[in-house]
Amino acid sequence: MRTLFLAALAALAALAVLVPLAGCAVPYNVGQTARTTPKGVAVPSATFQYASHDRLREPGDDDNPAFMLSNGVRLGLDERSDIGLRIVGVGAVVTYGRRLTGMPGTDAGTTLLAGGGILFGGGGHAHLEASVVTSAASIGELTPYGGVRAQYLGPFGNDNENVFATGVFGGIRFGEPNLAIAPELGLFYSPTSGFGESDLVVVPSVTVRGSGLLRALGL
């Protein structure tokens, strides 16, 4: 069973590494528990996200679903904080994580993630985001987590719209902190001026993360 699990992780991670610039969409996914990265440790991740509506479409385009592949890494700063870089298409987002409640080195507790960056979909947007992540203690290799998330994207050009998104997310991390897969579902309210378009964005995603990710790839 564990061999099949590692093989699945390796296949998913290889796809993200081989196609790091595929797709540029709003990064709704969080993909982690409240556990922050240990001091001095770098933890890579790969995310596969599907959004029911594309908020970074060009003016005049249809509101089609958006598929996104992204790569990221988080580096521990101290017992309660870390910093992360996420590559989304040809854009990038930097976030700071701070443990608010719970013992460092455990999953049970709450963490604040906040940051910003630049996304080049839909003509280019400045991006700001904030998330509060809460997770419970692990039950074997299963760790449930969830929280709230808010985002704002301000366009560089006058022809593009501002993008707001607020909502909730929840997921389960399967595996250990050094190598795990986390399916997640998010529901976001993102108002649009398009006639007949839904303001609700449904976002299923899968994140593979952990310091053992490169070993699973044989690197």
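Here are some notes:
- Local electrostatic count, Val41, Cβ distance below 10 Å [Lys/Arg +1, Asp/Glu -1]: +1
- Shape class of the range 85-219 from the alpha-carbon gyration tensor: prolate, with a/c at 1.5 or above and a/b greater than b/c.
Computed from the coordinates by the stated procedures, all read-outs in this text should not be read as laboratory data. Everything numeric in this text was worked out from a predicted model, so none of it was measured. Every residue, glycine among them, receives a Cβ derived from its backbone with ideal geometry; neighbour counts consider all protein chains shown.
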